[in-house]
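Asks: Below is a structure I'd like to ask you about.
The values are calculated or read from the model by the stated rules, or taken from the named source; none is laboratory data. All figures in this text were calculated on a predicted structure; none of them were measured in a lab. Ideal geometry is used to build each Cβ from the backbone, glycine not excepted, and the neighbour counts take in all protein chains shown. Heads up: the accessible areas ignore ligands, DNA and RNA and are worked out on the full protein's heavy atoms, side chains in. Shrake-Rupley method; radii C 1.70, N 1.55, O 1.52, S 1.80 Å.
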Amino acid sequence: MAGGFPIRALLVEDNPGDVRLMREMLADADGGGCELRVAERLAPALQALAAGSIDIVLLDLNLPDSGGLETFAAVHDGAPRTPVVVLTALADDALALETVRLGAQDYLVKGSIDGQVLIRAMRYAIERQRAEEALQRLNAELEERVRRRTAELEAANRDLEAFSFSVSHDLRAPLRAISNFAQIIAEDYAASLDERGRHYVDNIVLAGNRMDQLIRDLLAYSRLGRSAIKLAPVPLREVVESAARSLEPRIRELAASLEIHPDLPLVEGDPTLLSQVFTNLLDNALTYRQADKPPAVAVGWRRESDHCIATVADKGIGIAAEHHERIFEVFQRLHSQDRYPGTGIGLAIVKRSVELMGGRLWVESEPGRGSTFFLSLKCAPGRLTGNSGGEP
Ligand code: ADP
């Protein structure tokens with residue numbers, strides 16, 4: 001035997017001369033390990049394959065009852081797991097390559113091989129077929145595992161969302177009672193309290209209001225995953241301009257400058273989510289300003305292959321590198337309530353919204369030098385009407 005495992009080969013060949021040549025080649029190469037069966041036509045070849053116990057097919061494409069690619073397709077369909085090595089009479093590369101593309105393991109040009117080459121080609125084809133099948137099995141298992149894990153995660157997420165929704169909801173009623181009664185004490189019983197008592201009651205009212213805001217934000221966050229999102233082309237310019245209008249009083253009060261790129265693109269998104277995203281980002285850009293100068297905010301964009309990356313840049317206090325990830329988590333704040341009031345949920349909502357729209361959000365920032373938030377979404381096909389221009 002020429003080494004390795006025994007091979008049961010089916011030679012599909014109608015030319016007796018070629019059959020004899022093959023037998024001689026295998027004998028010369030010590031083909032004792034190769035048991036060669038012969039079929040002269042397609043029909044008996046298919047029968048032999050259906051009966052099983054064939055490791056490999058050596059296939060001449062031109063037979064009395066079939067020709068060319070049809071012969072290969074019939075054999076491959078009849079026994080898809082049996083490797084096929086195509087034998088061609090001429091060096092017809094185009095045809096042979098086509099069979100490889102359709103699933104043949106190899107092709108050999110008849111006159112140009114010897115027994116050793118033939119046996120090696122058969123062993124290689126059998127091994128490769130086995131390796132491919134093992135890989136396919138592994139891939140299928142992996143896909144199944146990913147599918148199961150995803151379903152588990154989705155179920156866990158749904159549970160968590162339902163839980164935080166109902167908890168936040170249920171917390172509001174007793175909280176309202178605490179706040180309302182504290183308010184009544186502050187207003188109607190102020191005279192019977194000394195200054196320290198009034199201070200305590202005021203603190204209860206303030207803490208109650210703050211907790212109410214926290215719960216409302218948490219509800220908004222947990223609602224995000226519960227609503228169905230339909231992506232559609234959204235003109236970013238309209239979204240940003242309307243967010244800016246809603247912040248107009250603050251912009252004026254802070255004497256802030258806000259520059260909006262005139263040719264913001266159309267993106268694949270959800271208008272309600274996008275409007276919330278830009279309102280939050282612009283609001284933060286105004287809030288986290290330097291003490292000694294008015295905020296300067298710019299909204300721009302650039303294109304990267306099929307993605308539109310919008311930017312919201314400020315010249316505010318900036319964020320240290322170690323916090324660039326943390327700020328997107330729920331309740332993560334870098335400042336005290338007195339200096340910069342907030343609940344620490346805004347950016348978590350922004351990030352979640354962007355991800356629900358299939359996009360990405362990140363920040364580049366340095367303390368004292370301002371921050372730029374990047375929001376990458378798929379560009380929507382088409383252009384805005386009246387849009388003069390090119391990209392930045
Ligand atoms: P909030 O503003 O309610 O605290 P956010 O989730 O919007 O919550 O932001 C989280 C934290 O990220 C903020 O507390 C702030 O420390 C930081 N941050 C957000 N935006 C900016 C910005 N433009 N410049 C500097 N820091 C920012």
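Asks: Could you estimate the translational diffusion coefficient of the chain from the Stokes-Einstein equation, with Rh from the Kirkwood formula over C-alpha pairs, at 4 °C and 1.567 mPa s, in whole µm²/s?
Replies: 47 µm²/s
Asks: On to the next question. Between region 299-376 and region 169-194, what is the C-alpha centre distance in whole Å?
Replies: 36 Å
Asks: On to the next question. So for region 82-162, Kirkwood radius off the Cα pairs, Stokes-Einstein at 37 °C and 0.692 mPa s: how many µm² s⁻¹?
Replies: Calculated translational D: 207 µm²/s.
Asks: What do you get for the angle between helix 16-28 and the principal long axis of the chain? Use alpha-carbon atoms, 0 to 90 degrees, nearest ten.
Replies: Roughly 80 degrees between the two axes.
Asks: Obtain the radius of gyration and the Kirkwood radius of region 225-269 from its C-alpha atoms and give Rg over Rh.
Replies: 1.11
Asks: Let me ask something else. Can you work out ³J(HN,Hα) from phi for every residue in region 92-104, in order, using Karplus 6.51 cos²θ - 1.76 cosθ + 1.60 and θ = phi - 60°, giving whole Hz and x for Gly and Pro?
Replies: 8, 4, 4, 5, 5, 5, 4, 5, 5, 4, 7, x, 5
Asks: With an 8 Å cut-off on Cα pairs and a minimum separation of 6 or more residues, tell me the relative contact order of the chain in percent.
Replies: Result for the chain is 11 percent.
Asks: Roughly how many debye, to the nearest 20, is the charge dipole of the chain about its Cα centre, given +1 on each Lys and Arg Cβ, -1 on each Asp and Glu Cβ, and no other charges?
Replies: Once rounded to the nearest 20, the dipole reads 1320 debye.
Asks: Work out which chymotrypsin sites (Phe, Trp or Tyr not before Pro) in the chain are exposed loop sites (DSSP not H, G, I, E or B, at most 15 other Cβ within 10 Å) and give the longest gap free of them.
Replies: 1-188
Asks: What does the charge count around Ile260 come to, taking other residues whose C-beta lies under 12 Å from its C-beta (Lys +1, Arg +1, Asp -1, Glu -1)?
Replies: Once positives and negatives cancel, what remains is -2.
Asks: Right, here's the next one. Could you work out how much longer the chain between Ala173 and Glu161 gets when fully extended? Use 0.36 nm per residue separation minus the Cα distance between them, nm to one decimal.
Replies: Net length gain for the segment: 2.4 nm.
Asks: In Å and on Cα atoms, what radius of gyration and Dmax does region 129-209 show?
Replies: Looking at region 129-209, its Cα Rg and Dmax stand at 28.1, 91 Å.
Asks: Can you give the calculated 222 nm mean residue ellipticity of the chain, where each DSSP H run of n ≥ 4 adds -39,500 (n - 2.57) and the sum is split over every residue, rounded to the nearest 500 deg cm²/dmol?
Replies: The per-residue figure over the chain is -17000 deg cm²/dmol.
Asks: Provide the per residue accessible area, probe 1.4 Å, for the chain, rounded to a whole number of square angstrom.
Replies: So the chain comes to 56 Å² accessible per residue, rounded to a whole number.
Asks: Of Leu160, His199, Ala125, which is farthest towards the positive pole of region 121-231's charge dipole, taken about the Cα centre with +1 and -1 on the beta-carbons of Lys, Arg and Asp, Glu respectively?
Replies: Of the listed residues, the answer is Ala125.
Asks: If you don't mind, there's one more thing I want to ask. Asn62's amide H: which non-local residues (gap 5+, or another chain) put their own amide H closer than 5 Å, with H modeled 1.01 Å from N in plane and none for Pro or chain starts?
Replies: Those qualifying (amide H under 5 Å, at least 5 residues apart or on another chain) are Gly68.
Asks: Now for a different question. Compute the acute angle (0 to 90°) between the alpha-carbon long axis of helix 271-287 and the principal axis of greatest extent of the alpha-carbon atoms of the chain; round to the nearest 10°.
Replies: Helix 271-287 and the main axis of the chain meet at about 50 degrees.
Asks: Turning to a different aspect of this structure: Give me the dipole magnitude in Debye, nearest 20, for region 223-313 about the Cα centre, with unit charges on the beta carbon: positive for Lys and Arg, negative for Asp and Glu.
Replies: Computed charge dipole of region 223-313: roughly 260 debye.
Asks: Next up: Would you mind giving the three semi-axes, in whole Å and largest first, of the ellipsoid equivalent to region 263-350 according to its Cα gyration tensor?
Replies: Rounded to whole Å, the semi-axes are 24, 16, 13.
Asks: With both partners inside the chain, how many of the DSSP beta bridges are antiparallel, as a percent to the nearest 5?
Replies: 55 percent
Asks: Which whole-Hz ³J(HN,Hα) couplings does region 180-196 yield from phi under the Karplus relation 6.51 cos²θ - 1.76 cosθ + 1.60, θ = phi - 60°, glycine and proline marked x?
Replies: Result, rounded to whole Hz: 5, 5, 5, 4, 4, 4, 4, 8, 8, 10, 3, 5, 7, 9, 7, 4, 5.
Asks: Okay, moving on. Just to confirm my understanding: which cysteines in the chain have no other cysteine beta carbon less than 4.7 Å from their beta carbon?
Replies: Flagged as lacking a Cys partner: Cys34.
Asks: Distance cut-off 29 Å, Cα to Cα: go down the list Lys315/Lys351; Lys230/Lys293; Lys315/Lys378 and report the pairs above it.
Replies: Lys230/Lys293
Asks: Another question, then. Work out the charge dipole of the chain with +1 on the Cβ of Lys and Arg and -1 on the Cβ of Asp and Glu about the Cα centre, then indicate which of Ala232, Ile113, Pro16 is farthest towards its positive end.
Replies: Ala232
Asks: Would you kindly compute the Cα radius of gyration of region 102-258 and its largest Cα-Cα separation (Dmax), both in Å?
Replies: Computed over the Cα atoms of region 102-258, radius of gyration and Dmax are 34.1, 113 Å.
Asks: Now a separate question. Tell me, what HN-Hα J-couplings in whole Hz come from the Karplus equation 6.51 cos²θ - 1.76 cosθ + 1.60 at θ = phi - 60° for each residue of region 325-333, using x for Gly and Pro?
Replies: Per residue, the Karplus-derived 3J(HN,Hα) values read 8, 4, 4, 8, 8, 5, 6, 8, 10 Hz.
Asks: Turning to a different aspect of this structure: When only C-alpha pairs under 8 Å and at least 6 residues apart count, what is the relative contact order of region 253-392, in percent?
Replies: Averaging sequence separation for qualifying contacts and normalising by length gives 31 percent for region 253-392.
Asks: When the accessible area of the chain is computed with all protein chains present and a 1.4 Å probe, what percentage of it is carbon and sulfur?
Replies: Summing carbon and sulfur atoms, their accessible area is 53 percent of the total for the chain.
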